[in-house]
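A short worksheet on the structure shown next.
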Amino acid sequence: GGNMISPSDDLSRQVVDQTNSVIVVIDPGGKILFLNNFASVLFGYSDEELLGKNILGTIIPEVESTGRELSNWIKDIALAPERDIFSTNECLRKNGDFIWISWSNTPIYDEEGKLSKILSVGNDITSRKLAEESYKKLLKLSQDEMVSCSDEIEIIKEDLKKEEVERKLIEKKNYELE
């Protein structure tokens, strides 16, 4: 086939840099070995600020704003990469903003079958996560309102029963007076 495109380094680099996904390669200890342009822009760091640094404490906080600890996340992936292929966690931008990233983690092994790198491809799902949170709050609000309404309905029912009893008493008195 004369029209086959052979993957060149230029093309691969272009694809990696043009994609709208975060691409990060870390060693088993969490040291950042590579990140694409999209990752740099999204997290607000230059390559120099992140390359060689640990992913934990830079773009992955040790503790999420939800209180969930992420300090074992890398250890867990390094110990059982096949178990943690997909994960979602809060990440930290340089300006301090939290964003939610849905990760796909692929273990890369050396010739001896030892884990040498972890390729992580991530997508920013912050807007989806915020929409979910809003929906949950709205749902809870609706449930709370329903409970509140049912309480009010019970009060109204009690009042109506009292009125009915009073009406019957008055009718009885009026009947007796006739």
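The values are calculated or read from the model by the stated rules, or taken from the named source; none is laboratory data. Worth saying up front: this structure is predicted, and the values here are computed from it rather than measured. Reconstructed Cβ throughout: ideal geometry from the backbone, glycine too, with neighbour counts over all protein chains shown. For the accessible areas, the whole protein counts, side chains as well, though only heavy atoms, and no ligand, DNA or RNA atoms are used. Shrake-Rupley method; radii C 1.70, N 1.55, O 1.52, S 1.80 Å.
Data for the structure
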read-out	value
Accessible area per residue in Å² at 1.4 Å probe, computed on the chain	69 Å²
Given 94/140; 31/75; 75/137, the pairs whose alpha carbons are separated by over 23 Å	94/140; 75/137
Accessible-area ranking of 38, 86, largest first, probe 1.4 Å	86, 38
Eligible lysines near residue 136 by straight Cα distance, threshold 18 Å, same-chain separation 8 or greater	none
Label assignment, mean projected area of the Cα convex hull in nm² derived from the structure, set (i) 10.6; (ii) 20.3; (iii) 13.4	(ii)
Accessible surface of the stretch 77-178, 1.4 Å probe, proportion on carbon and sulfur as whole %	58 percent
C-alpha center-to-center spacing [the stretch 15-71, the stretch 84-150] in angstrom	15 Å
Relative contact order [Cα under 8 Å, 6+ residues apart], the chain, whole percent	17 percent
Approximate spin-label separation residue 20-residue 171, in nm, with each point projected 7 Å along Cα-to-Cβ	7.0 nm
Cβ-derived FRET efficiency at R0 22 Å, residue 132 paired with residue 63, nearest 0.05	0.55
Using alpha-carbon coordinates, inclination of helix 126-177 to the longest axis of the chain, degrees	10 degrees
Where 79, 11 fall by accessible area, highest first, once all protein chains stay in place (1.4 Å)	79, 11
Nearest 10 degrees, 0 to 90: helix 9-18 Cα axis against the chain principal axis	20 degrees
